[in-house]
Amino acid sequence: MEEKIVRKLFLGFIQIHILHHAKEHPIFGMWMLEELKEHGYSISSGTLYPIFHSMESDGLLHQEQKNVEGKIRKYYTATEKGILVLEEARKKAYELFKEIKD
């Protein structure tokens, strides 16, 4: 299967995954890369950060910068809009997976 097509399909799953964790607690890039890797998503920081920025522009994530050991780290949390989108995505994903599971 073409890698480009697979990546395009999985982008939505990645965004849902980001929202899920950003609702639970503030997340940062390297942590999210490792979390995604544990679930079989192999993406680079050069792919992840534009996703963060796009989601922030869409009002789904809020960014806060913190000084961690002398370096600025960007933390992302889900906004109210992001939480609502996540809830709707969960419903849609559940319906889809029920239909295609066999």
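Applying the set (1) without any contact (Cβ under 8 Å) to a residue 60 or more places away in the chain; (2) in contact with a strand residue (DSSP E or B) (Cβ under 9 Å, 6 or more places away or on another chain) to Ile51 leaves exactly one unmet item: (2).
If I filter segment 8-18 for residues that are without any contact (Cβ under 8 Å) to a residue 60 or more places away in the chain, within 19 Å of Leu96 (Cβ to Cβ) and of a type in the set (Lys, Arg), do I get at least one hit? Scanning segment 8-18 turns up at least one residue that is without any contact (Cβ under 8 Å) to a residue 60 or more places away in the chain, within 19 Å of Leu96 (Cβ to Cβ) and of a type in the set (Lys, Arg). Output yes when any residue across segment 38-53 is of a type in the set (Gly, Ala, Ser) and assigned to a strand (DSSP E or B), and no when none is. No, that holds for no residue. Checked against the criteria, Leu61 does not count as surrounded by 11 or more Cβ atoms within 10 Å (Cβ to Cβ), free of Cβ contacts under 8 Å to residues at least 40 places away in the same chain and closer than 25 Å to Lys8 by Cβ.
Each value in this text was obtained by applying a stated rule to the coordinates, not by laboratory testing. Just so you know, these numbers come straight off a predicted model, no measurement behind them. Here Cβ is always computed from backbone atoms with ideal geometry, including for glycine, and neighbour counts include all displayed protein chains.
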